Amino acid sequence: LDTNSPVFVSDISGNTVSNNSSFGMHVDASDDVNYTLNFGASAAVNGNNTFDGNGDAGVAITSHDNALGAVTVSHSTFSNSVAAANPDFNGDGFRAILEGFSRLNTFTVGDGMLPRDTSFNGNAGSGLSLELRQSSAVIDPTIQTSTFNGNGNDGFQIIRFADSKIDNITVDNNQFNSNGSDGIEYRFQGGRVDIDTLGTLLINSTITSN
């Protein structure tokens, strides 16, 4: 999906997306687009999503310029992605790359309920990855009631470069087991990291054998 219309809203539920050579789904947002992506919003009616065995990433989001987004993910499985031709992706379950002045004002993973039914397992790269470049921003991301197991790299990964900004990271009631590198990785490089405005909360989670 090449998203450059002014407003783009999507409910993504009840889909099986598997064994594609490059990306199960790729959303590319640019210019001044305002986009909303709800993975699993109508799962009670239409069923859960499965993204399995895709190249580069199960789901990829690339956001540029002044694009403004809101992304929620629940009732979805992202598994067994493999590295393919795109050098910015490594076989990740779900990976978002923001650059320019683009922002995610909402980024919420998991529905907050048990049992956990959102998972990022068995991917060659990271299960879930956020990368911020230039002056982009992600505001108050919440990762909850999800599993991140058996990925080749990290379970959950945040990479921040230059003058990009990410605030108030909440990780609550998740499982991070048997990943090839870290269960959770926060990597901040370049620019100024202001410890008064950069906060992270990690509670009620299991992190083992990474």
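Observations
- Number of positions in segment 35-54 that are over 18 Å from the mean Cα position of the chain (by Cα), more than 16 Å from residue 16 (Cβ to Cβ) and not hydrophobic (A, V, I, L, M, F, W, C): 0
- Residue 59 being modelled with pLDDT under 95 and either assigned to a helix (DSSP H, G or I) or closer than 16 Å to residue 127 by Cα (or both): no
- Pick from segment 122-134, criterion open to solvent by 50 Å² or more (accessible area, probe 1.4 Å) and touching a strand residue (DSSP E or B) at 6+ places or on another chain (Cβ under 8 Å), ranking: farthest from residue 14 (Cα to Cα): 133
- Residue that is most open to solvent (accessible area, probe 1.4 Å), among those in segment 10-25 that are polar (S, T, N, Q) and either on the phi > 0 side of the Ramachandran plot or not in a strand (DSSP E or B) (or both): 19
- Filtered residues of segment 160-173 (kept if open to solvent by less than 10 Å² (accessible area, probe 1.4 Å) and under 22 Å from residue 203 (Cα atoms)): 166, 169, 171
- Checked against (1) over 18 Å from residue 189 (Cβ atoms); (2) in contact (Cβ under 8 Å) with a residue 12 or more places away in the chain, residue 157 passes all but a single condition, namely (1).
- Enumerated strands (runs of 3 or more DSSP E) restricted to segment 67-168, each holding at least 1 residues that are at pLDDT 95 or above, closer than 26 Å to residue 43 by Cβ and among the hydroxyl-bearing types (Ser, Thr, Tyr): 68-73, 76-79, 103-109, 118-121, 128-132, 142-144, 146-149
- Options 83, 41, 57: the member that is under 18 Å from residue 129 (Cβ atoms), among the small types (Gly, Ala, Ser), touching a residue at least 12 places away in the same chain (Cβ under 8 Å) and open to solvent by 10 Å² or more (accessible area, probe 1.4 Å): 83
- Candidate set: segment 169-199, residues that are among the β-branched types (Val, Ile, Thr) and modelled with pLDDT under 90; chosen: the one farthest from the chain's Cα centre (by Cα): 195
The values are calculated or read from the model by the stated rules, or taken from the named source; none is laboratory data. Source: prediction; values computed, not measured. Every residue, glycine as well, gets a Cβ built from its backbone with ideal geometry; the counts of neighbours run over all protein chains shown. Each accessible area value is taken on the protein alone, full model and side chains, heavy atoms only, with ligands, DNA and RNA left out. Shrake-Rupley method; radii C 1.70, N 1.55, O 1.52, S 1.80 Å.
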